[in-house]
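The values are calculated or read from the model by the stated rules, or taken from the named source; none is laboratory data. Please read all numbers here as calculations on a predicted model, not as lab measurements. No Cβ is skipped: glycine too gets one built from the backbone with ideal geometry, and neighbour counts run over all protein chains shown. Areas reflect the complete protein model, heavy atoms only, side chains present, ligands, DNA and RNA absent. Shrake-Rupley method; radii C 1.70, N 1.55, O 1.52, S 1.80 Å.
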Amino acid sequence: MHNFSAGPAILPAEVIQTTSEAIANYNGKGLSLMEMSHRGPDIVGIMEKAVSLVKELLNLPAGYEVLFLTGGASTQFFMTAMNLLDANKKFALLDTGAWSAKAYKEICKFGPCDMVASSKDKNYSYIPKGYDIPSDATHLHITNNNTIYGTQIHSYPDTNIPFIGDMSSEIFSRPVDATKYDLIYAGAQKNMGPAGTTLVIVKEEILGKIERDIPTMLDYRTHIKKDSSFNTPPVLPIYVSMLTLDWVKKMGGVAAMQKRNKEKADLLYGEIDRNSLFKGTTAVEDRSHMNVTFVPQDDAHTAAFLELTKSKGCSGLKGHRSVGGFRASIYNAMDISSVQVLVDCMKEFENQNA
Ligand SMILES: Cc1ncc(COP(=O)(O)O)c(C=O)c1O
């Protein structure tokens, strides 16, 4: 199948093959990876390799810690604020979609947060620009890629305030200037692995600067001290993430991913713009290279087009209910040949219906 699902999402075929072997019998040891102690050398080695691949692929400077936590990106909405924000500080937040709005709601429970701009007025179809950020804000929370609406931040707001970035649906899809961020988080289940672990990259020196008594499990310092193994870590999702990161490295790293993703995005947006039966839903300059959203010119065509794509082996193309139409998620692991299958479907549909 050509898996266009927004998440849980496509993983490289070789990663799935190696994982299935490790589940049956890890490295010929007669044990499943899922049965092995997280304190033993095999699993410790996997965790260390995953951390070092993140540092290498994202070119992280010294001082940034890499954690594999649980609770999904949704836990980071509040964990960031719980660790960094109190009544004497302030976050700013850019509202670019449902996930930003959810983060805003959670952040506000821990301290002041100014929503500096929002694109809700046009159903989040663009990235706001030219807004002011309060000078007393310590951090700006951004959602780098908006999975539901198909927009992506392509140029950073002009500010010296460090970012907290939700990179759930774009992590490792392009190079990152980590020095602009104090904290990056991403649920694994789009570009990295299966659901069950969340990558957190945090600049250690920003921690411990607030009054709050943070519950042990929700304090980043706990997990830094214990190399993400304070409690039993989700070994299988971390193992799969490690394999995927190794695959990214073999493919040429995040710069090569960026090129590969742009080629796929250009192919698909090119057809959306050319084809008389479809139209894109977002501002052209803010189009996502990960989640491509488009709708039929005629609503009555939705079901028939999905049926055609299904018959050609495509899955996961139905748009999110808040946008409608179609959403093609073209994450790192997707080959351009799968995007070509979708483009061919669009051409065939036009030939049949225009
Ligand atoms: C951008 C973004 N942030 C946060 C989330 C929530 O992630 P999780 O389900 O891991 O809590 C998602 C899920 O799709 C997402 O796309």
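Of all lysines in the structure, those lying under 19 Å Cα to Cα from Lys310, and not within fewer than 8 positions of it along the same chain, are Lys318, Lys347. Start at zero, step by 10 Å, and the Cα-Cα distances of region 289-348 spread as 22, 60, 18, 0 percent across the bins. The slack between Ile23 and Gln352, meaning 0.36 nm per residue of separation minus the straight C-alpha distance, is 113.8 nm. Roughly speaking, what is the centre-to-centre gap between region 304-354 and region 89-163 when only Cα atoms are used, to the nearest Å? Value for the Cα centre distance between the two parts: 30 Å.
Answer rounded, prolate or oblate for region 75-193, using the Cα gyration tensor with square roots of eigenvalues a ≥ b ≥ c: rounded when a/c is under 1.5, else prolate when a/b is larger than b/c, else oblate. In terms of gyration-tensor shape, rounded. Would region 194-285 count as rounded, prolate or oblate if I go by the C-alpha gyration tensor, calling it rounded below 1.5 in a/c and otherwise prolate when a/b exceeds b/c, oblate otherwise? The shape class here is prolate.
Computed over the alpha carbons of the chain, Rg followed by Dmax gives 20.8, 65 Å.
P(r) tail, region 1-139: Cα-Cα pairs separated by more than 23 Å, 59% of all pairs.
For the chain, carbon and sulfur atoms together expose 51% of the accessible surface, with a 1.4 angstrom probe and every protein chain in place.
With all protein chains kept in place, the per residue accessible area of the chain amounts to 42 square angstrom at a probe of 1.4 angstrom.
Separation of the alpha carbons by more than 30 angstrom is noted, of Lys89/Lys262; Lys105/Lys259; Lys180/Lys250; Lys129/Lys190, for Lys89/Lys262; Lys105/Lys259. Taking 0.36 nm per residue of separation and subtracting the Cα-Cα distance, full extension of the segment from Lys129 to Ala256 would add 42.9 nm. PRE reach from Ser74 (point 7 Å along Cα→Cβ): which of region 92-122 fall under 18 Å by backbone N? Counting backbone N atoms under 18 Å from the label point, the list is 97-109.
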